Amino acid sequence: MAAPDASRVETTEGDDTPLAEQLRARIHASGPMPLAAFVLACLHDPVHGYYRNHQPLGMAGDFITAPEISQLFGEIIGAWTVVVAEALRNAEPNDAVRLIELGPGRGTLMSDVLRVAQSRPELAGKLGVHLVEQNERLREQQRSTLESNGHQFSFHDALEDVPCGPSILLANEFFDCLPIDQLVWQGDSWRLRCVGLDDSHQFQLQCGEQASIELTQLPEQAPEQSATLETCPELPELVSKLATRLRASPGVALIIDYGTSETTYGDTLQAIRNHQHVDPLSRPGETDITAHVNFAELARLARRNDLNVYGPMPQAQFLTELGLVQRLAKLMNGADAATRNQLELAAGRLAAPGAMGNVFKVMALTSPQIGPPPPFTLESQP
Ligand code: SAH
């Protein structure tokens, strides 16, 4: 994701990583590759992929996320989780609630959530914690964070591996990691953007074949020449798996990410290394590559799979309606001046419109029989 305060800086480093060599060989053999295939290799190549090997988060990593900014974020999600878990327990009193996190990073969000849940011991004993993570280095960190706080949990490679049952699913900055394709409007057709090689064998974005992708949602206005439209090839299957789970047993998924409420034209592909924006084609496997989440498309897919959709709502509104100001006041009470200052800055980063407050959005997807979780209401349905 974008480090919110990073400024755009192009690097002068070469492109040579072990993965760059492999990708060049692939392009030599088979021609330019669609952007999503290139990004998939950069992020998830089993040996060299960024999300297989790197420690992406924190000051020593490449970017910072909301739970890493302040405990305020995780504690508010924790209070939300308690309310939702109690409602699910009322609906299915004999079943434990599976608390699932997709892409738990350093385990900070889950740790903060579980600390809040422990304030209700009768509930905490009925929560099973399931972490969906493929990155071994991050698994180690998640293990150490959660074990040092005495929590039990299990790891899974994918959502479908989590045992079935009532569930609460958290995904903060997970959907933005899904590889995207880009279509470019040229003449009177959409062409697939591909990654090829220039004369000096450096990676280069090129316009490929006429796109055979089914475009389910288009912005209202007609595209101008060279307009870009993004699609996320893995999204339909992920939403379908999520929906299979939420239709089989009651549950709620909370998806937090940066993105748009409408389908819009534009190139949102971005790459971060060492807290700086860099060229997405540079140093494959060592660079975090993400894109804005299209919440309109996410909502459309969820509804097509019979889920209820609430939101998206700006992160600022979500946190404020769930008590950000009150929680801030409580933590400030009795804290020293330096801590008070840090807390105020953190609350600003999470909720100010110019920081994460507006561009980050929150959407809840629920089982067909489950109503809106707070702070959503029936009016929050798009
Ligand atoms: N949610 C965390 C981390 C966000 S970074 C936070 O807010 O701090 C993205 C996370 O998703 C990382 O843990 C990364 O390893 C994981 N991830 C990305 N793609 C994944 C995939 N396809 N399957 C499982 N985990 C994935």
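The values are calculated or read from the model by the stated rules, or taken from the named source; none is laboratory data. Since the structure is predicted, the reported quantities are computational estimates derived from the model, not experimental observations. Because the Cβ atoms are built from the backbone with ideal geometry, glycine has one as well, and the counts that use them run over all protein chains shown. Protein only, heavy atoms only, side chains kept; ligands, DNA and RNA dropped before computing areas. Shrake-Rupley method; radii C 1.70, N 1.55, O 1.52, S 1.80 Å.
Observations on the structure shown:
- In degrees, nearest ten, helix 35-44 long axis to first principal axis of the chain (Cα): 50
- GNM flexibility winner over the chain from Asp257, Asp95, Asp336 (Cα, springs under 10 Å): Asp336
- Cys207-Arg26 FRET efficiency (beta carbon distance; Förster radius 25 Å; 0.05 resolution): 0.85
- Accessible area per residue for the chain is 43 Å², calculated with a 1.4 Å probe on protein heavy atoms, without ligands, DNA or RNA.
- Between helix 337-351 and the chain: long-axis angle, C-alpha atoms, 0 to 90°, nearest 10: 60
- Shown for the chain: the carbon plus sulfur share of the solvent-accessible area, taken with all protein chains present and a 1.4 angstrom probe, equals 49%.
- Here the extension length gained between Asn94 and Asn341 equals 84.4 nm, from 0.36 nm per residue of separation less the Cα-Cα distance.
- Ordering of 226-232, 341-347, 69-75 by packing is 69-75, 226-232, 341-347, highest average first (other Cβ atoms within 10 Å, averaged per residue).
- Using alpha-carbon coordinates, inclination of helix 295-304 to the longest axis of the chain, degrees: 70
- Contact order for the chain, expressed relative to its length and based on alpha carbon pairs under 8 Å spaced 6+ residues apart, stands at 22 percent.
- Most tightly packed first, judged by the mean number of other beta-carbon atoms within 10 Å of their residues, the peptides 315-325, 150-160 read 315-325, 150-160.
- If a spin label sat at a point 7 angstrom from the Cα of Glu214 along the line to its beta carbon, the backbone N atoms of the stretch 221-244 nearer than 19 Å would be those of 230-244.
- When the Gaussian network model of the chain links Cα atoms closer than 10 Å, the mean-square fluctuations of Glu262, Glu209, Glu220 top out at Glu220.
- In this simple spin-label approximation, Arg143 and Leu197 carry label points 7 Å from Cα along the Cα→Cβ vector, and these lie 4.0 nm apart.
- Contour excess over end-to-end distance, with Cα ends at Gln55 and Ala329 and 0.36 nm allotted per residue: 95.3 nm
- Evaluated with a Cβ-only charge set (Lys, Arg +1; Asp, Glu -1), the chain carries a dipole of roughly 1160 debye about its Cα centre, given to the nearest 20.
- FRET efficiency, Ser226 to Gln381 (Cβ-Cβ, R0 41 Å, nearest 0.05): 0.70
- Working from Cα pairs under 8 Å separated by at least six residues, relative contact order for the stretch 205-276 is 53 percent.
- Between the stretch 93-171 and the stretch 327-368, the alpha-carbon center distance in angstrom: 22
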